[in-house]
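The values are calculated or read from the model by the stated rules, or taken from the named source; none is laboratory data. None of the values given here were measured: they were computed from a predicted structure. Here the Cβ positions follow ideal geometry from the backbone for every residue, glycine too, while neighbour counts run over all protein chains shown. Each accessible area value is taken on the protein alone, full model and side chains, heavy atoms only, with ligands, DNA and RNA left out. Shrake-Rupley method; radii C 1.70, N 1.55, O 1.52, S 1.80 Å.
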Amino acid sequence: MQVEFLIIGKGISGTWLSYYLQKANKSFLVVDNNQSNSASRVAAGIINPVTGRRIVKTWMIDELLEFLVPAYKELGNELGINAIEQKNLIDFHPTPQMKIAFDERLNENAEFLFQPTDNQQYLDIFNYDLGFGEVNPCYVVNLREILPAWRKKLLANNQLSEEDFKIEELKQTETGVKYKNINAAKIIFCDGSNSAQNPYFKTLPFALNKGEAIFIEAAGIPSTHIFKKGMMLTSIEENIYWIGANYLWEFPDDKPTEQFRKQTEILLMNWLKVPFKIIDHKASIRPANIERRPFVGFHPGHKNIGILNGMGTKGCSLAPYFAKQLVDDFISGNEILPEADIKRFSKILMR
Ligand SMILES: Cc1cc2nc3c(=O)[nH]c(=O)nc-3n(C[C@H](O)[C@H](O)[C@H](O)COP(=O)(O)OP(=O)(O)OC[C@H]3O[C@@H](n4cnc5c(N)ncnc54)[C@H](O)[C@@H]3O)c2cc1C
């Protein structure tokens, strides 16, 4: 088999990369091992334009929002699903300090932050003593439908091989790379946290962390918004809600922990006024890095071996934009944004 591109991994990064290659009429094969707890399968899909205790704008959010909203709509149209929905965030102030921080940012006329007109609005559903603010716009990406729908499409086109990729079997040739019976001009790794062990890319400053989410069944919580009080809660299908997440920097495995389950159950018992039942608990490893900027581009010493990774906590907003940059780079020679281009790590990659 001969293709122009071999893509390893079909989380949100591999999905967008293969989507843009398809649009550019390039031939490719995706190899994916269907890991049931990949980061993209555990994530909520939330896109929040502000972050941190100071509630500041996230990196590049204006450019990202302008790009990603139409991009997800286009992908959704192609797949016949609703791929993205605007759901603004109702941010219940968890402590007096956080309320003060929100009010201070409102007084500075910070973008995206709004004061509600009716502070009592959610009192039938949630316990909250300190009021809330609204973050507008926020979005939820429908990962639960995008990932299987794109998989189905790739399978129907013979563009997906469901297997475990073994790097020991990858060979470089004069014209590109060879993997088993597949010859490709280029290979691009979109395999999430697995890239931290990849012999070509393991010296990149990955800072993997584990995150967990709980899934509950409940009735009466509006599906129109994301709610936050310490943790985020969002509807993912009728009467089913996602709540998370935590950040563990030291972890023996990628399994759910009893501690997170207990802690979340206590939080929900104190926060929700409606009855709920925990129905699932998942954990995954975020492909995060020290700089909080993606890893995009080709290896300085192996020009046919590339990567689209390092999405950290923001795969849903970063993956479409940087997948397009990577495709534009090899089609039109457009430069990848220097903050994301792995050229910035040339020295350590050449060691
Ligand atoms: C609890 C939690 C909540 C999160 N919430 C959000 C959120 O609300 N919004 C947001 O934007 N981000 C969120 N994230 C972060 C988000 O999940 C990641 O940024 C994103 O999913 C990374 O996507 P990826 O495609 O790069 O990697 P992954 O999703 O990890 O995909 C890698 C793919 O490669 C495949 N693979 C790996 N190794 C191999 C191999 N050897 N052979 C074949 N295939 C292989 C896997 O099966 C998988 O399909 C969250 C993460 C966690 C853990």
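What Kirkwood Rh does the range 1-65 have if only Cα atoms enter the pairwise 1/r average? Answer in Å. Mean inverse Cα-Cα distance, inverted, gives 14.3 Å.
Check cross-link reach from residue 262 to the aspartates and glutamates: straight Cα distance under 18 Å, and skip same-chain residues fewer than eight apart. In chain and number order, the partners are 212, 217, 254, 280.
In order along the range 296-301, the phi-based Karplus estimate (6.51 cos²θ - 1.76 cosθ + 1.60, θ = phi - 60°) of 3J(HN,Hα) comes to 9, x, 9, 4, x, x Hz; Gly and Pro are listed as x. Other residues lying with their Cβ under 15 Å from the Cβ of residue 86 contribute a combined charge of -1, Lys and Arg counting +1, Asp and Glu -1. Averaging 1/r over every pair of different alpha carbons in the range 29-89 and inverting the result gives a Kirkwood radius of 14.1 Å.
If you put +1 on each Lys and Arg Cβ and -1 on each Asp and Glu Cβ, how big is the dipole of the chain around its Cα centre, in Debye rounded to 20? It would help to have the intermediate numbers written out before the result.
Working: 40 positive and 41 negative charges, 181 e Å.
About 860 debye.
Phi angles across the range 230-243 convert, under the Karplus curve 6.51 cos²θ - 1.76 cosθ + 1.60 with θ = phi - 60°, into 3J(HN,Hα) values of x, 10, 9, 10, 9, 6, 10, 7, 4, 6, 10, 10, 9, 9 Hz, Gly and Pro given as x. Counting only protein heavy atoms and a 1.4 Å probe, the range 154-293 has 51 square angstrom of accessible area per residue. Nonpolar atom fraction for the chain, defined as the carbon and sulfur part of the 1.4 Å probe accessible area, stands at 49 percent.
If each residue of separation counts as 0.36 nm, what is the full-extension length gain between residue 121 and residue 331 once their alpha-carbon separation is subtracted?
Numbers: separation 210, 0.36 × 210 = 75.60 nm, distance 5.13 nm.
Result for the pair: 70.5 nm of gain on full extension.
Pairs with C-alpha atoms separated by more than 28 Å, drawn from the list 57/273; 202/303; 99/324, are 57/273; 99/324. Each residue of the range 26-35 is assigned a 3J(HN,Hα), and the resulting list reads 9, 8, 7, 10, 9, 10, 9, 9, 6, 4 Hz, derived from the Karplus form 6.51 cos²θ - 1.76 cosθ + 1.60 (θ = phi - 60°), x at Gly and Pro. The amide H of residue 310, built 1.01 Å from its N in the peptide plane, has 295 as neighbours under 5 Å, considering only residues 5 or more places off or on other chains. Here the scattering of the range 197-351 is modelled by Debye summation over its C-alpha atoms, one equal scatterer each and no solvent; at q = 0.13 Å⁻¹ the log10 of I(q)/I(0) is -0.73.
Each of the GluC sites (Glu not before Pro) that DSSP puts in a loop and that has at most 15 other Cβ atoms within 10 Å breaks the chain; the longest unbroken stretch is 1-107.
For a Förster distance of 22 Å, can you work out the FRET efficiency between the beta-carbons of residue 74 and residue 1, rounded to the nearest 0.05? List each step's numbers first, then the result.
Details: r = 29 Å, r/R0 = 1.32.
It comes out at approximately 0.15.
Rounded to the nearest 10 square angstrom, residue 178 shows an accessible area of 80 square angstrom against a 1.4 Å probe. Treating each Cα of the chain as one equal point scatterer and applying the Debye formula with no solvent, the log10 of I(q)/I(0) at q = 0.08, 0.10, 0.14 Å⁻¹ comes out as -0.41, -0.63, -1.17. Checking the a/c ratio against 1.5 first, then a/b against b/c, what shape does the Cα gyration tensor give for the range 1-120? Verdict is prolate for the range 1-120. Here each label is just a point 7 Å from Cα along the line to Cβ, and for residue 346 and residue 97 those points are 4.4 nm apart. Multiplying the residue separation of residue 162 and residue 253 by 0.36 nm and removing their Cα-Cα distance gives an extension gain of 30.4 nm. Entry note, the chain: relative contact order of 23 percent, from Cα contacts under 8 Å with a spacing of 6+ residues.
Do the sum for the chain: with -39,500 (n - 2.57) for every DSSP H run of n ≥ 4, divided by all residues, what is the mean residue ellipticity at 222 nm, to the nearest 500 deg cm²/dmol? Walk me through the numbers before you get to the answer.
On the way: 8 runs with 97 residues, N = 351.
It comes out at -8500 deg cm²/dmol, rounded to the nearest 500.
Spacing of the modelled spin labels on residue 109 and residue 238, each 7 Å from Cα toward Cβ, amounts to 4.5 nm. Directionally averaged projected area (the range 108-207, Cα convex hull): 12.9 nm². Subtracting the Cα-Cα distance of residue 62 and residue 274 from their residue separation scaled by 0.36 nm leaves 72.7 nm.
Average projection, convex hull of the Cα set of the range 298-338: 3.1 square nanometres.
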